[in-house]
Number of protein chains: 2
Amino acid sequence: MVTTEIDQRCINTIRVLAADITRGANSGHPGAPMGLAPMANTLFLNHVRVDPKNPHWPGRDRFVLSNGHACALQYILLHFLGFKLSMDDLKKFRHVGSITPGHPERTHTEGIEVTTGPLGQGIANAVGLAIAEQSMAATFNKPDYPIFDNYTYVILGDGCMQEGVQSEACSLAGHLQLGKLIALYDDNHITIDGDTAVSFTEDVVKRFEAYGWHTQVLTDGDHDSSSMEEAVEKAKAVTDKPSLIKIQTTIGYGSKNQGEEKVHGSPLDPDDIKQLKEKFGFNPDENYVVPPEVYDRYHARADECDIMAKKWNKMLESYCQDYPKEGADLKRRLEGKLPDGWENYLPRYTPKDPPTATRKLSEAVIEKVASEVIPELIGGSADLTGSNNTRWKTATDFQAPTTKLGQYGGRYIRYGVREHAMHAIMNGIAAYQGLIPFGGTFLNFLTYGWGAARLTALSNLRVIYVMTHDSIGLGEDGPTHQPIESLALTRATPNMLTFRPADGNETSGAYMAALKRDKTPSILALTRQNLPHLAGSSLEAVEKGGYILEPLSDANPDIALVATGSEVSIAVDGAEILRKNGVKVRVVSMPCTELFDEQPIEYRRSVLEKGIPVVAVEALSTFGWQKYSHAQVGMVTFGASGQYKEVYEYFNITPQHVANMGQDVIKYFKDYGSIPELFPQFGPCT
Amino acid sequence: MVTTEIDQRCINTIRVLAADITRGANSGHPGAPMGLAPMANTLFLNHVRVDPKNPHWPGRDRFVLSNGHACALQYILLHFLGFKLSMDDLKKFRHVGSITPGHPERTHTEGIEVTTGPLGQGIANAVGLAIAEQSMAATFNKPDYPIFDNYTYVILGDGCMQEGVQSEACSLAGHLQLGKLIALYDDNHITIDGDTAVSFTEDVVKRFEAYGWHTQVLTDGDHDSSSMEEAVEKAKAVTDKPSLIKIQTTIGYGSKNQGEEKVHGSPLDPDDIKQLKEKFGFNPDENYVVPPEVYDRYHARADECDIMAKKWNKMLESYCQDYPKEGADLKRRLEGKLPDGWENYLPRYTPKDPPTATRKLSEAVIEKVASEVIPELIGGSADLTGSNNTRWKTATDFQAPTTKLGQYGGRYIRYGVREHAMHAIMNGIAAYQGLIPFGGTFLNFLTYGWGAARLTALSNLRVIYVMTHDSIGLGEDGPTHQPIESLALTRATPNMLTFRPADGNETSGAYMAALKRDKTPSILALTRQNLPHLAGSSLEAVEKGGYILEPLSDANPDIALVATGSEVSIAVDGAEILRKNGVKVRVVSMPCTELFDEQPIEYRRSVLEKGIPVVAVEALSTFGWQKYSHAQVGMVTFGASGQYKEVYEYFNITPQHVANMGQDVIKYFKDYGSIPELFPQFGPCT
């Protein structure tokens, strides 16, 4: 007997319930949950240690459903186990305001570790979760105190297996020898376009072997639970390699259309559900039925896990007594609180300090806070360490100790040239609790991994994107590397802060504001080129998003120049030219428009004041600056390759042009008779 | 002897010149060109058939330098061969206005096939070039007329090998059995972060075998030209698999720091260049020297190629006589001209036609134009064919004939769940000449491949992105799938048109405008949900970007509502509510803000008229709409999972809210005393 009777009952209940739920919603994906039922049942009844009574228990195993469209399955399992997810919630599947949305969201539903659905993200998040576990274990575990010792389980399908982010992340996972990562690959040979034969005929197992994974293949995922059980045990026994278990299944198992694309993305028809229920011993006239013995089996498992959680909590108590310093630090980190007084470590500057690139000023912040005061910072770069300046001097690389290149306690990750994986892995690390990831690449390559970055924002994760070479100011590398549209993207994204600091104080201030937001990712756009330190800049001002550089501004100005980052000093020089022509100028630095938007309307109107025309200066797309300015100096084409000063000249982003534009604007509105205010009181976006 | 004396001289000249060029620019990457010199020399002297006298010769081989940062190499080769790239141009490497920018750009430099630099793009472009070759060959070749019969050669490095886009594209290339694609993998074990041991330890060759590629390994890429020669011959002999030749080289070969990261991204120091020149028999006091025998050797090769090109041109002439219809069509396609009268095939609608989703209306266009009148259209989808509606009824899949799933003459590509590869492959297809690619995914997943999409724009390529499920209107799939920030991104991108058509006529109009632009990519943002056909819409109006829906608008309006796509009909209903309250309303449909921006200021001011306040309505981020409106109805958060009508209600994007906002705006400006105009005359972005 390869599957026990009670297991079979559980499996069939999942299948029937998945059909009911998607039918009830008149939307969703029944096929994958039905095909996955046996492996999910095996995992949750025998392996995954999660406790509905302690859903955030730090020692729990992490489970990721990378093919998030199969989330009916995940909701069913959470319901069976006794998580805060009722039968009523299952009936509200895919309804506005429910905790059972169309794809699993960590912010909506207890028991969901990471937000999945966009294919390939979940498996890459899982790599991050497994890295976090190794990091926390290496940092906190002591003899007899295996505080962190959990597995990360993933289910993923053919769709995930085709995505580049998955390839990147799994290659890195193999390199890092993440032995506690176990991936179950649902090989059902069906994607939306039909049989995988039409586009996906590679040898996946061989590919994973090439990555250095341990691999197993099971041919009967529809029936053979005991082989799955054994395979997971075997995977656990392999400690120096991540494990892939390929399990051949039949999508929509039990449906009249099992094994076909038809069962993938729409509910089964009522006749089909009827025969399904009959086949599996359910009353075809009843919906949403869970036999008591199924609840019993899952509740028994939940009780087992609750005992483990309680034991773990006791262990933690005892740990805190034996290792009070580590214990206190651990508790603080798990709560997401930063160490008291950490802000005092942030460097401050005066205009006398030598001009410095903000990427270097960012390094100075990292050098202080990552090495001296915030041990939960875990950094890295997508193979641009020397350019992003993301590594502090005393950093150790996060590497398998056998490589002699670092150790799992190291807090610097060599992501390789894998931007998308880096972003998605950072999401996983942040979701684990206890770590704050930051990672670097060129700003232009933020969008190589935007699929993950938008999920950072949607998932309320504190991740810091250290994006250097932030404009045409990178110079010689040219337009293939010069971001133009990138900040329009980040500013248009909800729950994401875009910082473009102008100097040392603003760079420190950007980190201060970014780190304080524990549910929001931040993009730091940093220069390659040196910038002067400005009179009037401060760390605290950054938190207002935009502010008047008082020492560089005149009273009763004729015009305001609003600029960000490297263009603030250009605006300052432009102001000087205007002043020579008798024009009084206000210079506004706007390191973070999103924070500015959060200020009271009175404050915003005091900075960009009624009656004062505004010219915006930013060496990226002018798109979007109409909100804060009457005219714009910026980019409306792609950039060019050349020394950065020449490139600025070429695109007319110069003090002289700013001054000319200022004069034009003043004249225009004089002729026009009035100056439109920028902040009407209505609309969702004031 | 593994390398002849003259070959060695050529190789060393490349190395020395690469050092001079980067030193001269005081910027750039000498190491890769120096290490790649032997393989590049072998390729260009023996295999790659390109003709400086006929640089656009359609029968030429295509060469792609995927590690574009090594472009000094490519410029040197073009110079040696006699392309329009002088020694003076080499001296202007990485200078503003030169034809030798920091990374190769197809729009700047004759002989550059595709714009590379962002890692992984080139190899994926090459897959597209190889697909195009197979497609054109299957379409046009006749017995005794091998019109299309070229190879696509790629050089790529460790960086490219780590990128997900490369994995996706190479997996597909294996599936498609692209036998004429030959990739030389420069395995020098160095990336920016140092030895690949820190992050990249997978077995690349095994991975490519898993993809179904033919593989070879050469261990002495620094010296052994004859093995390379043989390996390429062997690769050519394999006709049913793409070929990977892994060649172990030493980065910066000849430098004192050869084999180290130091030689990667900055010029060698003068002492190092001196010893290099001495070592290789060059005068250390002379710069930019090419021995005559090197020119001779390359010119001799160029002459051989010119004979081939001339032969090809004769063959084409004769082909045009024997097959006049095909010949004429081919010539038309190679010129990038559309068939006469093709616009007549575009469907037109009246308000009496049943409400239809714009993705279905897009299908109706494809059904007509792809199947009946524009044979150069080559479509596809990233595994969402049934959702994107990108396939016409009579389409045949582009597949290796042995699969029995299609043939190389088929014009529908099953990209698999590989968005980034799809975008990059479309770039390659478009760059080949003679084909116009279009490809579908959900709008939200455009950014999975943004790294490629921005290069479509930078490269002046006509690619049509068919992006369906374009807002919260996709409903149940929820916020993981609902784009919010996507159109801010596309609109902020230079040389890219964003179309969001409101009905049937506008969908046809969007295709009309998009296809006419032969140097610009277009994004078509299309709904999942049905929309009514509007009175006053037209194909022609779309070309103006935005226009007044006259039959739905009042004279002397109190307010204008500007909307796009699915929100135009919401605005129309909102206008009705306002009218009931005695307010006169103008309704403006704005299917393409970028085309609107191109109109004369007078036209723009006639649509969004001075003295009439404007409310914008779009169910995506309001970011950027401040340019065209005084207030916005749109999204400032992520979306939600639910039936689409409920989701619209939830986010208050409804006729009633539009009407309320309209009333508020009117009142606000009445109190304010004036209504600011939206288009000042100054600034680069008016």
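No lab work stands behind these numbers, since they all come straight from the coordinates. Everything quoted here is computed from the prediction, not taken from an experiment. Positions of Cβ are backbone-derived with ideal geometry, glycine not excepted, and every protein chain shown enters the neighbour counts.
What to note about this one:
- Length-normalised contact order for chain B - Cα pairs under 8 Å, 6+ apart - percent: 11 percent
- Distance between the 7 Å Cα→Cβ label points at A:Asn257 and B:Gln321: 5.7 nm.
- Of the cross-linked pairs A:Lys206/B:Lys404; A:Lys262/B:Lys393; A:Lys368/B:Lys256; B:Lys53/B:Lys519; A:Lys610/B:Lys667, those separated by over 29 Å at the C-alpha level are A:Lys368/B:Lys256.
- Which of B:Glu229, B:Glu260 has the fewest Cβ neighbours within 10 Å, and the rest in rising order: B:Glu260, B:Glu229
- A point 7 Å from Cα along Cα→Cβ stands in for A:Lys91, and the other copies hold the same point at 8.3 nm, listed in rising order.
- Taken along the Cα-to-beta-carbon direction at a fixed 7 Å, the label points for A:Glu335 and A:Arg348 span 2.8 nm.
- In the protein assembly as shown, the calculated helix contribution to ellipticity at 222 nm averages -12500 deg cm²/dmol per residue, counting -39,500 (n - 2.57) for every DSSP H run with n ≥ 4.
- Candidate aspartates and glutamates for bridging to B:Lys180, where Cα separation is under 12 Å - those fewer than 8 sequence places away on the same chain excluded: B:Asp61, B:Glu133, B:Asp149, B:Glu233, B:Asp240
- Per-selection Rg to Rh, segment B:542-672 - Cα, Kirkwood hydrodynamic radius: 0.95
- Cut-off 15 Å, label 7 Å out along Cα→Cβ of A:Asp671, residues of segment B:601-620 by amide N: B:601-602
- Inter-chain Cβ neighbour average for residues B:205-213, partner chain, 10 Å: 5
- Sites B:Ser606 and A:Arg579 - FRET efficiency at Förster radius 35 Å, r taken between beta-carbons, to 0.05: 0.35
- The protection proxy used here, the mean number of other Cβ atoms lying within 10 Å of each residue, ranks peptides B:485-498, A:32-45, A:550-563 as follows, highest first: A:32-45, B:485-498, A:550-563.
- The Cα center of segment A:155-229 and the Cα center of segment B:381-439 differ in position by 25 Å.
- The other copies place their B:Gly582 label points at 5.0 nm from this one, listed shortest first, where each point is 7 Å from Cα along Cα→Cβ.
- Kirkwood Rh in Å, taken over all unlike Cα pairs in segment B:528-576: 11.7 Å
- For the pair B:Asp296 and B:Asp88, a Förster radius of 25 Å applied to the C-beta separation gives a FRET efficiency near 0.75, rounded to the nearest 0.05.
- Spherically averaged projected area in nm², based on the convex hull that wraps the Cα atoms of chain B: 31.8 nm²
- Beta bridges per DSSP with both ends in the protein assembly as shown, % antiparallel, nearest 5: 10 percent
- Stokes-Einstein translational diffusion, segment B:342-531 - Kirkwood Rh over all Cα pairs, 0.890 mPa s, 25 °C, in µm²/s: 150 µm²/s
- Per-residue mean of C-beta atoms belonging to partner chains within 10 Å, peptide B:112-119: 3
- DSSP beta bridge pairing in chain A, given as percent antiparallel to the nearest 5: 10 percent
- Applying 1/(1 + (r/R0)^6) with r as the Cβ-Cβ distance of A:Asn46 and B:Thr219 and R0 = 41 angstrom yields a FRET efficiency of 0.30.
- Per-residue ³J(HN,Hα) for segment B:41-50, Karplus 6.51 cos²θ - 1.76 cosθ + 1.60, θ = phi - 60°, Hz, x for Gly and Pro: 4, 4, 4, 6, 7, 10, 10, 5, 9, 9
- All-pairs alpha carbon distance profile, segment A:216-276, 5 Å steps from 0, percent: 4, 17, 20, 15, 13, 12, 10, 6, 3, 1
- Label point of A:Gln681 (7 Å along Cα→beta-carbon): distances to the other copies' equivalent points are 3.4 nm, sorted ascending.
- Spacing of the modelled spin labels on B:Glu646 and A:Thr107, each 7 Å from Cα toward Cβ, amounts to 2.0 nm.
- Partner chain coverage, peptide A:88-96 - average Cβ within 10 angstrom: 3
- Residue-normalised convex hull volume from the C-alpha trace of the protein assembly as shown: 169 Å³ per residue.
- Å³ per residue enclosed by the Cα convex hull of segment A:198-331: 213 Å³
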